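Enquirer: One structure follows; several queries about it will come next.
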Amino acid sequence: MARPVLFRYSPTGERILTLEADAILEANVVEEAQPTDNPVELGADVTDHMVLRPQTWEVRIAISDTPVDGPAEPGRARSAREQLGRLLEARGKLVLALPIGEREPVVLTRFSTAFTTSTPHCEVLSLTLREIHTANSFVVPVFRSEHKAMGVLNRGKLVVKEVGPELKKKTEDKLREQERSFAINIGAALSNSFK
């Protein structure tokens, strides 16, 4: 059986939407860093003069209707191109499997197909994949921007409604709790620094 090049995991952990290739012709990885417009270099512990960009993978594979390690399958190459279209439409996280190992999570951002008259039952597919970096998040308690709580959009403008007493009390309680926690942490830090 041919080696899988791209696949997704289902929520239950099974491989789904697998794309298998007969040959991996080329695999290139692009790593880049982008300089920031306003670097912070002096007078602080923070340095953000360069931001590392996600890796980009460019892979060329060949898929034939007559694979070397199996019986002939008419339409196999065309089916692989359709499978790539489904992977692109799914917009989900993928696993890139190469002889040097697996890269995940990546997303398929582009693919193209090359046909030749000398090999009508074989397609050369060029894939561009990009690594995904997940950002950390911090939840700040604010009034929810639900239509019922805050208002409704009217021709692109937010028409504010009065916030209900339950939501207002819940948010105020959460803010008071965070203020208390912050004051306790500051007090503990100050007492430790004077010891």
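Enquirer: Is it fair to say PRO141 is of a type outside the set (D, E, K, R), modelled with pLDDT under 75 and surrounded by 11 or more Cβ atoms within 10 Å (Cβ to Cβ)?
Expert: Yes: the conditions hold for PRO141.
Enquirer: Taking region 56-93 on its own, how many of its residues are assigned to a loop (DSSP other than H, G, I, E, B), modelled with pLDDT of 85 or more and surrounded by fewer than 16 Cβ atoms within 10 Å (Cβ to Cβ)?
Expert: Total meeting the criteria: 3.
Enquirer: Name the single residue that is farthest from PRO99 (Cα to Cα) among those in region 1-17 being surrounded by fewer than 15 Cβ atoms within 10 Å (Cβ to Cβ) and β-branched (Val, Ile, Thr).
Expert: Applying the filter and picking the extreme gives THR12.
Enquirer: List pairs: first residue in region 61-73 and in the same structural domain as LEU19 (by TED's automatic domain parsing), second residue in a loop (DSSP other than H, G, I, E, B) and among the hydrophobic types (A, V, I, L, M, F, W, C) anywhere in the structure, Cβ distance under 7 angstrom, at least six positions apart or on different chains.
Expert: Here the result reads ASP65/ALA72; THR66/ALA72; PRO67/ALA2; ASP69/MET1; ASP69/ALA2; GLY70/MET1, each pair linking region 61-73 to a residue that is in a loop (DSSP other than H, G, I, E, B) and among the hydrophobic types (A, V, I, L, M, F, W, C).
Enquirer: Would you please list the contacts, defined by Cβ atoms under 7 Å and residues six or more apart or on different chains, that run from a residue in region 167-180 that is at pLDDT below 85 to a residue that is surrounded by 13 or more Cβ atoms within 10 Å (Cβ to Cβ) and assigned to a helix (DSSP H, G or I)?
Expert: none
The values are calculated or read from the model by the stated rules, or taken from the named source; none is laboratory data. Here the structure is a predicted model, which means the values were calculated and not measured. Every residue, glycine among them, receives a Cβ derived from its backbone with ideal geometry; neighbour counts consider all protein chains shown.
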